[in-house]
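Just so it is clear, none of the values below were taken in a lab; they were calculated from the coordinates. None of the values given here were measured: they were computed from a predicted structure. In this analysis, Cβ positions are derived from the backbone assuming ideal geometry, glycine residues included, and neighbour counts consider all displayed protein chains.
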Amino acid sequence: MGKEKKTETLNAVYEKALALFECQVCGTCCRGEGGIYLQEKEIEAISAYLQLPRESFLKTYCLEKNGRIYIHVQADGFCHFAREGKCLIHSVKPSPCRQWPFFRPMLTDQPNWEVARNSCPALAPYRSLDDYLEGIRSD
Ligand code: SF4
Ligand code: SF4
C-alpha cells in the first residue's frame, strides 16, 4: 500500500474512532508533568477565546522551556484549564488534547494501545483498536 493510501486509511480509522468515543469526563488525561505544548496558532486562538492580549495570556497561563511554550501545570498536577474533568478552553484546546486518546502511534501499535487503555477508562474495556471499533468488550 502506498504512503498516501496508508495515511488516508489511518485518517478514516481516526475519524471512526473519534466518532465512537464516549469520554467519561474523569479528567485523568489533563494531569501530568510538563504541560501541554502550544503552537503559535493555538496561542493566538486561546488568547482570543479568553479575550486576553497574547502577552497577558503567556504571562498568566504559560511557561517557556527551551524556546517552546507550554500551558502551566497547577500544584496538583492538573493543567491550568482543567476543572472537575472538564476543559475550560474545550472549543480551542490544543492539538494533543484534540487527538487524545487516538494519537497516530496508538492506531498502529498494540503496546501504545495498551498505554492509552491503562490511562483512559473509556478505552479500558477494549483489548485492541479493532475490538474498540467493533464494540467488543474484554469482559
Ligand atoms: S487544555 Fe484542556 S484538554 Fe488540554 S490538558 Fe488542559 S484542561 Fe485538559
Ligand atoms: S482519560 Fe479518557 S475518559 Fe478520562 S477525561 Fe480523558 S479522554 Fe475522557
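Go through segment 123-137 residue by residue and turn each phi into a ³J(HN,Hα) via Karplus (6.51, -1.76, 1.60, θ = phi - 60°); whole Hz please, and just put x for glycine and proline.
Coupling constants for segment 123-137: 9, 3, x, 10, 6, 7, 4, 4, 4, 4, 5, 8, x, 8, 8 Hz.
Summing -39500 (n - 2.57) over the DSSP H runs of n ≥ 4 in the chain and dividing by its residue number, what mean residue ellipticity at 222 nm do you reach, to the nearest 500 deg cm²/dmol?
Per the formula, -12500 deg cm²/dmol.
Assuming 0.36 nm per residue, please report the length gained on full extension of the stretch His90 to Arg127 beyond their Cα-Cα distance. Provide the component values of the computation, followed by the final result.
On the way: separation 37, 0.36 × 37 = 13.32 nm, distance 2.85 nm.
Between His90 and Arg127, full extension yields 10.5 nm more.
At most 12 other Cβ atoms within 10 Å and a DSSP loop assignment: could you name the GluC sites (Glu not before Pro) in segment 23-87 that fit? It would help to have the intermediate numbers written out before the result.
On the way: sites: Glu33, Glu40, Glu42, Glu44, Glu55, Glu64, Glu84; in loops: Glu33, Glu84.
Here the sparse-neighbourhood loop sites are Glu33, Glu84.
Which semi-axis lengths, in whole Å and largest first, follow from the square roots of five times the eigenvalues of the Cα gyration tensor of the chain? Can you show the working numbers first?
Working: eigenvalues 181, 66, 34 Å².
The answer is 30, 18, 13 Å, longest axis first.
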